[in-house]
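Q: One structure follows; several queries about it will come next.
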Amino acid sequence: MRALDSPEATDAVLVAALAAGINHIETAPAYGPAEAFLGRALHRLGERDPAGLSALVLTSKLLPGPGLDEGRSQLRACLQRLGIKRLDNLAVHGLNRPEHLDWALSGPGAELLAWATGEGLVGQVGFSSHGDTDLIESALGSGRFSFCSLHLHLFDQERLPLARQALAAGLGVMAISPADKGGRLYAPPDELMADCAPFAPLELAYRFLLAEGISTLTLGAARPEDLAWAVRLGAAAAVLSAPERQALAATLARLEAAGRERLGADRCGQCRQCLPCPNAVPIPALLRLRNLAVGHGMEPFASERYNLIGRAGHWWEQVDASACGRCGACLPRCPLQLPIPDLLADTHRRLAAAPRRRLWS
């Protein structure tokens, strides 16, 4: 998604990925010229190393919504751009709303996915989702999908039970963007670096997910040097030893304790009992951002995410903290007796900024 400065940049990242031991490449038509650039890089790889090309696992994604004929055309165009005859994995890209799931299970999407696998154009089908837990649970329980891509982050563990459920059922699980959407951990603040020591924050985040048994981590490399973590992780043991698990657990406990101390009595426990809000304010999601900003010094990340609210369609929240009408409906529900309207106002004051352009608009 990010190695798009030129076709040569994509080629360089692919070469570095193979050298680092990576065997799974994921892309999508929605990522600008990514498929075309990758297709050129794959062609060059085939000329240099046919065995290396055949060993790659390739995943691409299609947005939900098209009719059967249009979906077929989109998939054929995807294969043409990549210069291949078959995808190992095809995902519904952004199964975020109930109508998207209906499309995939009983609408034109169901016919499209069945046709794609029946024609041998796709090995297996799955989905990526930024949706709520109930929707993801319904998708996992449908029996239609063989893998899923979810937001699974050290600093956002809400969907971790869903990942465990999927893994137990034999589904592959990919963590979406631990380095960036997981907290801009490639550029950590000083507080976070101190809290995570002796691990680097990004290393801790990756090791946490691997220890949970997550199948695949995305690295989002824009340059070959962005794959340094892949080299380090690849050199580590696949299964943590007992001392490593103890060190990881101790660091995670210290990280949580540091956040609790900085937040004090204003820390949101993310129990979600405050919902529903009469004004549709996503209280836990917003106070999670405040937790990160105040508790771990992650204000740049929290502000970036906060200012996407209402600007990212069904990929992110639609209502920010300014919509709180101070009705007080949430107050008696909160087991911690938090002053939720005051905390929402503080969240907006801290994080609101001038709108910025998204990477993909």
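Q: Tell me yes or no: at least one residue of region 84-92 is more than 24 Å from Trp315 (Cα to Cα) and in a helix (DSSP H, G or I). Don't jump to the end; show me each part of the working.
A: Initial filter on region 84-92 (more than 24 Å from Trp315 (Cα to Cα)): 84-88.
So of that shortlist, the ones also in a helix (DSSP H, G or I) come out as none.
No, every residue in region 84-92 fails to be more than 24 Å from Trp315 (Cα to Cα) and in a helix (DSSP H, G or I).
Q: Next up: Just to check your reading of the model, which residue among Leu38, Leu63, Leu75 is under 18 Å from Gln124 (Cβ atoms) and modelled with pLDDT of 95 or more?
A: Numbers: Leu38 fails: under 18 Å from Gln124 (Cβ atoms); Leu63 fails: under 18 Å from Gln124 (Cβ atoms).
Just one listed residue meets the conditions, Leu75.
Q: Let me ask something additional. The conditions are (1) touching a strand residue (DSSP E or B) at 6+ places or on another chain (Cβ under 8 Å); (2) in a loop (DSSP other than H, G, I, E, B); (3) over 20 Å from Arg305 (Cβ atoms), and Leu167 fails exactly one of them. Which is it?
A: Among (1) touching a strand residue (DSSP E or B) at 6+ places or on another chain (Cβ under 8 Å); (2) in a loop (DSSP other than H, G, I, E, B); (3) over 20 Å from Arg305 (Cβ atoms), the lone unmet condition for Leu167 is (2).
Q: So, of the residues in region 103-133 that are modelled with pLDDT of 95 or more, part of a helix (DSSP H, G or I) and farther than 23 Å from Lys85 by Cβ, which turns out to be most open to solvent (accessible area, probe 1.4 Å)?
A: Among residues in region 103-133 that are modelled with pLDDT of 95 or more, part of a helix (DSSP H, G or I) and farther than 23 Å from Lys85 by Cβ, the one most open to solvent (accessible area, probe 1.4 Å) is Leu105.
Q: Moving on. Spot the failing condition for Ala28; the list is (1) out of contact with any Lys or Arg (no Cβ under 6 Å at 6 or more places or on another chain); (2) over 16 Å from Gly52 (Cα atoms), and only one is missed.
A: Among (1) out of contact with any Lys or Arg (no Cβ under 6 Å at 6 or more places or on another chain); (2) over 16 Å from Gly52 (Cα atoms), Ala28 violates only (1).
Q: Search region 17-29 for residues being at pLDDT below 95 and small (Gly, Ala, Ser), and hand back the single one that is nearest to the chain's Cα centre (by Cα).
A: Looking at residues that are at pLDDT below 95 and small (Gly, Ala, Ser), I get Ala17.
Q: With the structure loaded, tell me whether Leu289 is surrounded by 14 or more Cβ atoms within 10 Å (Cβ to Cβ) and either at pLDDT 95 or above or under 21 Å from the mean Cα position of the chain (by Cα) (or both) or whether it fails that test.
A: Details: surrounded by 14 or more Cβ atoms within 10 Å (Cβ to Cβ): yes; either at pLDDT 95 or above or under 21 Å from the mean Cα position of the chain (by Cα) (or both): yes.
Yes: the conditions hold for Leu289.
Q: Take the residues of region 19-35 that are of a type outside the set (Val, Ile, Thr) and buried (at least 18 other Cβ atoms within 10 Å of the Cβ): which is farthest from Met1 (Cα to Cα)?
A: Applying the first criterion (of a type outside the set (Val, Ile, Thr)) to region 19-35 yields 19-21, 23-24, 26, 28-35.
Checking the rest, the ones that are also buried (at least 18 other Cβ atoms within 10 Å of the Cβ) come to 20, 26, 28-29, 31, 34-35.
Working: Ala20: 18, Glu26: 8, Ala28: 8, Pro29: 10, Tyr31: 6, Ala34: 6, Glu35: 9 Å.
The selected residue is Ala20.
Q: Follow-up. Can you tell me how many residues within region 313-330 are surrounded by 16 or more Cβ atoms within 10 Å (Cβ to Cβ) and under 18 Å from the mean Cα position of the chain (by Cα)?
A: 2
Q: Right, something else. Out of the residues in region 58-67 that are of a type outside the set (Lys, Arg) and surrounded by 15 or more Cβ atoms within 10 Å (Cβ to Cβ), which is nearest to Ala17 (Cα to Cα)?
A: Filtering region 58-67 down to residues of a type outside the set (Lys, Arg) leaves 58-60, 62-67.
Cutting the leftovers down to surrounded by 15 or more Cβ atoms within 10 Å (Cβ to Cβ) gives us 58-60, 62-66.
Working: Leu58: 13, Thr59: 15, Ser60: 17, Leu62: 24, Leu63: 26, Pro64: 29, Gly65: 33, Pro66: 33 Å.
Restricting to residues being of a type outside the set (Lys, Arg) and surrounded by 15 or more Cβ atoms within 10 Å (Cβ to Cβ), the top hit is Leu58.
Q: Counting only residues that are within 17 Å of Asp88 (Cα to Cα) and polar (S, T, N, Q), how many does region 1-59 have?
A: 4
Q: Kindly indicate which of Arg184, Arg223 is within 16 Å of the chain's Cα centre (by Cα), open to solvent by 40 Å² or more (accessible area, probe 1.4 Å) and in contact (Cβ under 8 Å) with a residue 24 or more places away in the chain.
A: None of the others qualify; the one that does is Arg184.
Q: Test Ala179 against the criterion of being of a type in the set (A, V, I, L, M, F, W, C), modelled with pLDDT of 90 or more and open to solvent by less than 60 Å² (accessible area, probe 1.4 Å), and give yes or no. Walk me through how you get there before you give the answer.
A: Details: of a type in the set (A, V, I, L, M, F, W, C): yes; modelled with pLDDT of 90 or more: yes; open to solvent by less than 60 Å² (accessible area, probe 1.4 Å): yes.
So Ala179 fits the description; yes.
The values are calculated or read from the model by the stated rules, or taken from the named source; none is laboratory data. None of the values given here were measured: they were computed from a predicted structure. Virtual Cβ from ideal backbone geometry, glycine too; neighbours counted across all protein chains shown. Remember, those area values only see protein heavy atoms, side chains included, never the ligands or the DNA or RNA. Shrake-Rupley method; radii C 1.70, N 1.55, O 1.52, S 1.80 Å.
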